[in-house]
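The values are calculated or read from the model by the stated rules, or taken from the named source; none is laboratory data. Bear in mind that the values here come from a model prediction, so they are computed numbers and not experimental data. Positions of Cβ are generated from backbone atoms using ideal geometry, with glycine treated the same way; all protein chains shown enter the neighbour counts. Protein only, heavy atoms only, side chains kept; ligands, DNA and RNA dropped before computing areas. Shrake-Rupley method; radii C 1.70, N 1.55, O 1.52, S 1.80 Å.
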Amino acid sequence: MDEEEANANSPSGNSNSNSFSLFDWVSKLQTKAWETYKSKPISHWILLFLSTLGMLVAFPASSLLSRIYFANGGTSKWIISWVAVAGWPIPALILFPTYLFFKTSPTPLNLYLFLSYVFLGFLSAADNLMYAYAYAYLPASTAALLGSSSLVFSSLFGFFIVKNKLNASMINAIVIITAAMTIIALDSDSDRFPYVTDSQYAWGFVWDILGSALHGLIFALSELVFVKLLGRRSFHVVLEQQVMVSFFAFVFTTIGVVVNNDFQGMVSEAKTFKGGETAYQMVLIWGVITFQLGVLGATAVLFLASTVMAGVLNAVRVPLTSIAAVILLHDPMSGFKILSLIITFWGFASYIYGTSDWNKSS
């Protein structure tokens, strides 16, 4: 009996105990994942997968196209903002068949819902313009890394507006990502384009952070609209919300383009664009398509999951955009920027851990 107790208290005994504990933890995690999967129909997971793909592929592509526009002779911030919302008929083309084939009916449009669409449309138009200024003056990789701060803002706004939970791991992620943004600010001289002045670079930095803050607010307010006004009934409400918000953003942005006479300037821009008029048109057309698909994917994730998951995916696309910009656009990648990217990954991992129930498994 004494020998058995000694073995149990020996280092090897503790090792076996820890091994079995780890095995139990993995087993419980697998069980929990399977139960989560079985709790939803297969259509839910298919739509969530496609929505996630839209965020992780279409959003980075639209960001790179914005940078290509400015790098090859484009100058109008209003035009690239208009491109971001000109694809509003795309979700409408997907929405209308749902009324016919799935026998759904349009959500009744009351005053509060109408005003929420107008307000979100105005915020989206302003957000796109802020990001346009950021991509005009910053490399795509830098702008994307700064854009990861939207995770911080979506967490805070989600906590205060939608009452989402905010735990120690998520707070830790907020601090880490903020530190990564500070590193980029301290390394500003390494990636500034020669034709961009110090003042323009600084304003690009400021507009990117402000755009990220507004992006986080839009995420939280969109979820609030779903919860308070639309309800989580079916996927067609996602399309309705996206169509209406994009439409009003399109209206506000078009007014800005007309006032600035930028539509007339598109003709001269196309003639002087590097690669010619065809390249100019392709950049704008694909910008319209990719941005709208990315926003549609993000809105769908909000409906199918939460602000939290949308924020996580929005953050994950940041390193994807940065890496793609370095490979495809040959963006400068200094040691400080690499360090910032690594720290951002660490922050993402901490945030994902904090938003999951894995840390509660034992």
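Could you list, in sequence order, the residues of segment 206-253 that are open to solvent by 40 Å² or more (accessible area, probe 1.4 Å) and of a type in the set (F, W, Y)?
Answer for segment 206-253, where residues must be open to solvent by 40 Å² or more (accessible area, probe 1.4 Å) and of a type in the set (F, W, Y): W207, F235, F247, F250, F252.
Could you count how many residues in segment 264-279 are in contact (Cβ under 8 Å) with a residue 60 or more places away in the chain, closer than 15 Å to W78 by Cα and of a type outside the set (D, E)?
Of the residues in segment 264-279, 2 are in contact (Cβ under 8 Å) with a residue 60 or more places away in the chain, closer than 15 Å to W78 by Cα and of a type outside the set (D, E).
Based on what the data block shows, is A270 in a helix (DSSP H, G or I), within 20 Å of N128 (Cα to Cα), in contact with a Gly (Cβ under 9 Å, 6 or more places away or on another chain) and open to solvent by less than 20 Å² (accessible area, probe 1.4 Å)?
Judged against the criteria, A270 is not a match.
Could you grab me the full set of residues in segment 141-169 that are out of contact with any Leu (no Cβ under 9 Å at 6 or more places or on another chain), farther than 22 Å from F303 by Cβ and either modelled with pLDDT of 85 or more or in a helix (DSSP H, G or I) (or both)?
Selection gives T142, A143, G147, V152, A168, S169.
Determine, yes or no, whether N7 is farther than 15 Å from G294 by Cα and at pLDDT below 85.
It is true that N7 is farther than 15 Å from G294 by Cα and at pLDDT below 85.
Is there a residue in segment 146-157 that is open to solvent by less than 10 Å² (accessible area, probe 1.4 Å), under 30 Å from Y69 (Cβ atoms) and more than 19 Å from the chain's Cα centre (by Cα)?
no
Within segment 63-109, count every residue that is part of a helix (DSSP H, G or I), polar (S, T, N, Q) and closer than 30 Å to G231 by Cβ.
Summing the residues that are part of a helix (DSSP H, G or I), polar (S, T, N, Q) and closer than 30 Å to G231 by Cβ in segment 63-109 gives 1.
Is it fair to say W25 is open to solvent by 90 Å² or more (accessible area, probe 1.4 Å) and either among the charged types (D, E, K, R) or at pLDDT below 90 (or both)?
For W25, the condition - open to solvent by 90 Å² or more (accessible area, probe 1.4 Å) and either among the charged types (D, E, K, R) or at pLDDT below 90 (or both) - is not met.
Sort out which residues of segment 199-227 are over 16 Å from the mean Cα position of the chain (by Cα), modelled with pLDDT of 85 or more and either under 27 Å from N164 (Cα atoms) or not aliphatic (A, V, I, L, M) (or both), and write them in order of number.
Within segment 199-227, S199, Q200, Y201, W203, G204, F205, W207, L224, V225 meet the criteria.
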